[in-house]
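Quick note: the coordinates plus some simple rules give every number you see, no bench work behind them. Please read all numbers here as calculations on a predicted model, not as lab measurements. For neighbour counting, all protein chains shown are included, and Cβ atoms are generated from backbone atoms with ideal geometry for every residue, glycine included.
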Amino acid sequence: MQTYLDYYAHGLSAKIAGAKLKLAKKECSESDFEFLKKACQSDGYALHFIAQVAHKLLTSPDLANEFRGLTEEMIETNYFQARLLPFFNQCSKPLALQLSRETVAALAAADASQDIRDHSFGILEDHKCAYVDIPHKDYRLRDNLSLRAIMVDIGGLRMETTAGKIPGTYDTVVNDRGFVMRHRRPDDKVVFTAIFRDHRNNSYPRLSWVEGSDFFMGRGIKQLGIALSAPEVMLTNADMLTKHIMTDIESLFWLSLAFMDTEEEYGGVQYQQLPHLAYDHVRRQGRKAGQVAKKFSLFRVKKITGGRDLGREIENNGECGTSGLPVIGRRRHEVRGHFRLQRYGKGHKLTRLRWINAFERGTVEDLPLHDLHIVTATEIQPFGQ
């Protein structure tokens, strides 16, 4: 599969057809029935179908009753699937990137300055939704766990799982296993969704949160430093390691957008796209649809390459078999310095993303130390789609 989203869509049509989801014409309108028939025949249509159903559920005026009896993981799945809808909406223009190995090695575990965050936020604000695909095993958090993808949107529907009362107006309150789960309507907040891969169990746990917030919700995560069964355990009180990981992922996302934009606009780089066939293409509905899905992505994805000239040393692959990022039992990757947008050229009118070493910006003691933190969890709950 080209990206994680392509992997997620693989086999969905068979699951929908096997579930026998109200195929009777008397229970569906004619247009819904035709759409459902296509969803049973094509994985691309199936992904569009579940995204549309999830969004319709989350915008229901009777959401409390819709959620009654659902577990937190089932609720989180609806939110994740609803976030996929912009990729099928012709009026929206989501941004999709895939980072190369050397780009991950150059940007990972580094802090992003405020000017980079502001610059990248402008890009995200223009697209409303952005997806960053991480190469297989290239952002290792421990031996059997790696970061697989990041999806970010502005003003998306979300559920906040908290352990106490917080100020604000909420539309719906749902209690599940002791948690206070509050549904929030769209606003101007930046919502992050990180998708991990557990290589041992071949599962893909997820973690969602609002930028700069300690409130989160996850699927398939039993011990990612987070105890979902104990609502009193909050990131601010007991799990600073996970908080640091969330911060690392936010920085990687902002740096990725800034790197792409400055290289394209000022560096003259023309990034290639992954082989692409639209979700409704006729070749995705034939007997060779499975082969097509392996070679062509459902979405238009830019493959971001480069990064060796950013000033950070790229380790060879011999130490841990990946782009050089450490895993448990290996030496830690300490970073002193940070990235920032640097003006250059005649009249300082050009901009590029550059690594600023500690000795270039005052004393070492004056600069923050930003490490790549290692997840110490040993158990990840398996789950399906």
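If you rank Cys129, Cys40 by fewest surrounding Cβ atoms within 10 Å, what's the result?
If I rank by nearby Cβ atoms, fewest first, I get Cys40, Cys129.
Going down the table (Lys128/Lys243; Lys137/Lys288; Lys243/Lys349; Lys303/Lys349; Lys128/Lys346), which pairs top 31 Å between alpha carbons?
Details: Lys128/Lys243 24 Å; Lys137/Lys288 29 Å; Lys243/Lys349 37 Å; Lys303/Lys349 27 Å; Lys128/Lys346 34 Å.
From the list (Lys128/Lys243; Lys137/Lys288; Lys243/Lys349; Lys303/Lys349; Lys128/Lys346), the Cα-Cα distance tops 31 Å for Lys243/Lys349; Lys128/Lys346.
So, R0 is 30 Å and r is the distance between the beta-carbons of His276 and Ile356; what FRET efficiency does that work out to, to 0.05?
E(calc), rounded to 0.05, equals 0.25.
Go through the range 80-89 residue by residue and turn each phi into a ³J(HN,Hα) via Karplus (6.51, -1.76, 1.60, θ = phi - 60°); whole Hz please, and just put x for glycine and proline.
5, 5, 5, 5, 7, 4, x, 6, 10, 8
Around Gly267, what is the net charge, scoring Lys/Arg as +1 and Asp/Glu as -1 over all other residues with Cβ under 11 Å from its Cβ?
-4
5 Å is the cut-off here: which amide hydrogens, built 1.01 Å from N in the peptide plane, fall below it relative to Ser203, excluding neighbours closer than 5 in sequence?
Those qualifying (amide H under 5 Å, at least 5 residues apart or on another chain) are Asp198.
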